[in-house]
1. Whenever you get a sec, compute what percent of the accessible area on the chain sits on carbon and sulfur atoms (1.4 Å probe).
2. To check my understanding: the extent here is largest minus smallest coordinate of the Cα atoms along each principal axis. What are those three numbers for the chain, in Å, largest first?
3. Pick from GLN96, GLN202, GLN147: which residue has the top mean-square fluctuation in a GNM of the chain where Cα pairs under 10 Å get a spring?
4. Given LYS92/LYS120; LYS73/LYS196; LYS120/LYS261, which pairs have Cα atoms separated by over 22 Å?
5. To test your reading of the geometry: what angle, between 0 and 90 degrees and rounded to tens, separates the Cα axis of helix 207-218 from the longest principal axis of the chain?
6. Based on the Cα coordinates of region 141-270, what is the per residue volume of their convex hull in Å³?
7. For region 137-268, what's the relative contact order in percent, using C-alpha pairs closer than 8 Å and at least 6 residues apart?
8. Based on the Cβ-Cβ distance from LEU145 to HIS65, what FRET efficiency comes out when R0 is 25 Å, to the nearest 0.05?
Amino acid sequence: MRALNLKFPLHRQKKFHILNQKVFLDTCAVENDTFFEFINLLYHYRDIFAYSETDIPKCNLLKCHLSTYPNAKPIRCRPFRLSDDMKVQVDKQLDQLLAAGVMAKENGSPFASSIVMIKKRDNTWPFCVDFRRLNAISIPLFHELLQLDDILDLITRNKAKCMTTLNMRQAYHQLGITEESSYKTTFITPHRGSYKYLRLLQGHLQSPYWTTVAFNQLFRHQFGTYMLIYLDDIVCIYESPAQHLRHLQSIFEKFRGAYLKLHLKSAIFSKLK
């Protein structure tokens, strides 16, 4: 890990760039003498934060394989009907995912799941793929969840006073899947044909497992020391700001090396109550 000169003078453009992202920053958690160093650190690693829906690279950690039961027959569904307004939203979201490299056009796959539209309170229509029938023929893969006692032990051992929580930008879509898995994820639209996922997908029962595997592989030496991981959420706890800056730099270097992107607006830097 290359050394980072945190004493480098802070330019106004750096502070504006970070604070303009509406980061939740509790000034009580970052003391005055380290505040500029903290902002400078975030600015130095600004390339590991995704600022748009299409800024979703594919990491180099692993390729996930979606396993189905032996001799399971391909599932195929008819597309659900969509209103004209829904089709406009589907077109917009499909184009974004295609531009980000999350999915691609598919022809000839024996699999076909349907898409459904769910209206949210803000009147948007995010579409999701109904993978229930694919899940029914997929082999469950299990991963262990954090235990409360382990979390409390880590907080006590580190004499934690403050913490940072980091969140991935569409974590599943940053993990690649194998070619054999890709054609199984094919879904059909009523007006634009069929598409398949090139990345790990939301709604599949094996996705949480593969996300856990990827993060455990990336942070195998840090996990349980000063950081905790739950799916795509990372919690880093600390006693002193200076120590915390070193820990964050180590975490950021890992993300940069793996081509993973964080969501800066979802990051929280606050004081433990």
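The values are calculated or read from the model by the stated rules, or taken from the named source; none is laboratory data. A quick note: this is a predicted structure, and the numbers were derived from the prediction, not measured. All Cβ positions, glycine included, derive from the backbone under ideal geometry; neighbour counts span all protein chains shown. Note: areas computed on protein heavy atoms with side chains; ligands, DNA, RNA excluded. Shrake-Rupley method; radii C 1.70, N 1.55, O 1.52, S 1.80 Å.
1. Numbers: 7760 of 14750 Å².
Within the chain, the accessible surface is 53 percent carbon and sulfur.
2. 61, 39, 35
3. GLN147
4. Violating the 22 Å Cα-Cα cut-off are LYS120/LYS261.
5. Approximately 40 degrees, to the nearest ten.
6. On the way: hull volume 16.9 nm³, N = 130.
Hull volume normalised by residue count: 130 Å³.
7. Answer for region 137-268 is 37 percent.
8. For R0 = 25 Å, the calculated efficiency reads 0.65.
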